[in-house]
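Readers should treat all values here as calculations from the given coordinates under stated rules, not as data from a laboratory. Remember, it's a predicted structure, so these values are computed and weren't measured experimentally. Cβ placement follows ideal geometry from the backbone for every residue including glycine, while neighbour counts extend to all protein chains displayed.
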Amino acid sequence: MGGLSNSDSSVGAYATRPEDYDAFSFYLEPLIREYHGIQGDTKQQHDWNIPVGKYLLTSIDPNLKSVSMRARVARNVKGWNLPPSMDKDERIRFENTMEKAFDSFGIPGRYYSLTPGHKCFISDE
């Protein structure tokens, strides 16, 4: 349904729960590999030993007047459905939770939502 509902999507197949990547790997893995141009048996490895304090948002040059940041978080927050499984109410609750987290960063800015009905919904203008 994802491809039918989102005709601008380049793939149209979505995992709706984290475990879908395992359950439907026979179908999703070839699509992911083709989309990203992954050849052979390459597996992405992550090094989660990120040095504490090295990558801080407060390190952004304060002389910059216009800084825009996009935070993609809905794919890796435990306890929440992945976006294709969220209804509008859950999506708004999720965004409200993330907005509180962003506020705790201590960096001035404004949150804009792409979800109609959210208090911070961005207008067409």
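Annotations
- Counting only alpha carbon atoms, the long axis of helix 25-36 and the longest principal axis of the chain meet at about 60°.
- Trypsin sites (Lys or Arg not before Pro), loop per DSSP, at most 14 other Cβ atoms within 10 Å - longest free stretch of the chain: 1-42
- Near the amide H of F121, within less than 5 Å, lie the amide hydrogens of S113, all on another chain or at least 5 residues away, with H placed in the peptide plane.
- Against the chain, whose longest principal axis is taken from its Cα atoms, helix 88-103 shows a tilt of about 50°.
- Aspartates and glutamates whose Cα lies under 18 Å from that of K88, excluding same-chain neighbours fewer than 8 positions away: E99
- Proximal lysines relative to K54, as straight alpha-carbon distance under 30 Å, when same-chain residues fewer than 8 apart are discounted: K43, K65, K78, K100
- In this simple spin-label model, placing a label point 7 Å from the Cα along the Cα-to-Cβ direction at both R70 and Q44 gives a separation of 1.5 nm.
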